[in-house]
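Engineer: I have a structure here, written as structure tokens, and I will follow up with some questions on it.
Computed from the coordinates by the stated procedures, all read-outs in this text should not be read as laboratory data. Here the structure is a predicted model, which means the values were calculated and not measured. Ideal geometry is used to build each Cβ from the backbone, glycine not excepted, and the neighbour counts take in all protein chains shown.
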Amino acid sequence: MPAMSTPSVQALELWLPDLQRFDSAHPLRALLRKADAVAPAARGYLGGLTARFELPGELPAGALTRELIAGDAGDDVWLSADPAWVQPDLNGARLLACGQLQLGMPQALALAEPLRPVFADEGMILEVSSPDHWHVRLAPGTQIPVFAAPEQALGEDLYEHLPQGAEGRRWRVLLNELQVLLHQHPVNAQRRANGMPPVNSLWLWGGGALPATVKTALHGVIGDDLLLGALARRAGMAATPRSTAAFAAAGAGWLVDLQDLPVDDIAVAWWPAILAAAQRQPLLLSFASGERWLHRPWHRWRFWRGSAS
């Protein structure tokens, strides 16, 4: 592998899934063999976002996404409260899904209805911003513990990622009450009858108030991720829905978010656009696992690298 350095040119950046997901036969591997390895970047979804956007504190995902959806975040403190599926096991319970549970708005509103008084008793307001994205509004200045992001807890023991100690007890009790109410809800009985996973918990995370400023060196982003779009909007720059046409029109300084796609989709639906872009401009190939390669158009003539595995 070539010696690593920092990127020396402005490039169009592709944010891709973990490198290990791309097997040796994937067409992207041929591009990597001719590219130059550069210094690695932050790992993971939230790590990638916070590396690309400069914030005055922790990433307040709740306030940012509420502002993007509803435009009313104001000065309040917000938590994301995403619908979740938790599966009990012998040692506790595991978080198996968070958001993307194929909820329609009528179902979401029905599920939320018995939960609202529980939050109200704690001085909070539960808002169903969209079927997959719910939020909790708290008074300005409310102090809240740090909650684990979904990517940190998915597939793991739920209780290992809840706030601990006396400070966290209030939130653990609250979550317990919510789970009891959701377990008994007729919407979940119908979902089980239809072979769908229940929405039997909420995942609280991303607490904080809307930041006054968000800074970034990016010129624009292409992607469908809600939080990425919210950060771009707060930074005052363009955020375009993901499509190969938008990718074809993007230039240096733009970020194209593909990191949530199956690698087979990238090989089939996106590969022609990636190859065309690589032939006309520098590409920074950034993987969610941290590795990065810089490919310049003239690198396609590096035939001596083409046969490596």
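Engineer: Taking the Cα atoms of region 38-86 alone, what are Rg (to one decimal) and Dmax (as a whole number) in Å?
Structural biologist: Rg and Dmax of region 38-86, Cα atoms, are 13.6, 41 Å.
Engineer: Go ahead and estimate [θ] at 222 nm for the chain from helices alone: -39,500 (n - 2.57) per DSSP H run with n ≥ 4, summed, over the residue count, rounded to 500.
Structural biologist: -8500 deg cm²/dmol
Engineer: Then there's this: Let me understand region 61-209 better: what is its radius of gyration from the alpha carbons, and its Dmax, in angstrom?
Structural biologist: 14.5, 43
Engineer: While we're here: Give me the three principal axis extents of region 239-300 from the C-alpha atoms, as integers in angstrom, largest value leading.
Structural biologist: Between the extreme Cα coordinates on each principal axis of region 239-300 lie 28, 26, 23 Å.
Engineer: So if I place +1 on the C-beta of Lys and Arg and -1 on the C-beta of Asp and Glu, and nothing else carries charge, what would the dipole magnitude of the chain be about its Cα centre? I want it in debye, nearest 20.
Structural biologist: 1240
Engineer: Suppose a student asked you for the relative contact order of region 83-230, using Cα pairs under 8 Å spaced at least 6 residues apart; what percent would you report?
Structural biologist: Once divided by the residue count of region 83-230, the mean separation gives 27 percent.
Engineer: Using Cα pairs closer than 8 Å and at least 6 residues apart in sequence, work out the relative contact order for the chain, in percent.
Structural biologist: Relative contact order comes out at 33 percent.
Engineer: For region 175-297, divide the Cα radius of gyration by the Kirkwood radius and give the resulting Rg/Rh value with two decimals.
Structural biologist: Result for region 175-297 is an Rg/Rh of 1.12.
Engineer: Can I ask one more? May I ask for the Rg/Rh ratio of the chain, computed from Cα atoms with Rh as the Kirkwood radius, given to two decimals?
Structural biologist: 1.02
Engineer: Around A288, under 13 Å between beta carbons, what's the net of Lys plus Arg minus Asp minus Glu among the other residues?
Structural biologist: Cβ neighbours under 13 Å give a net charge of -3.
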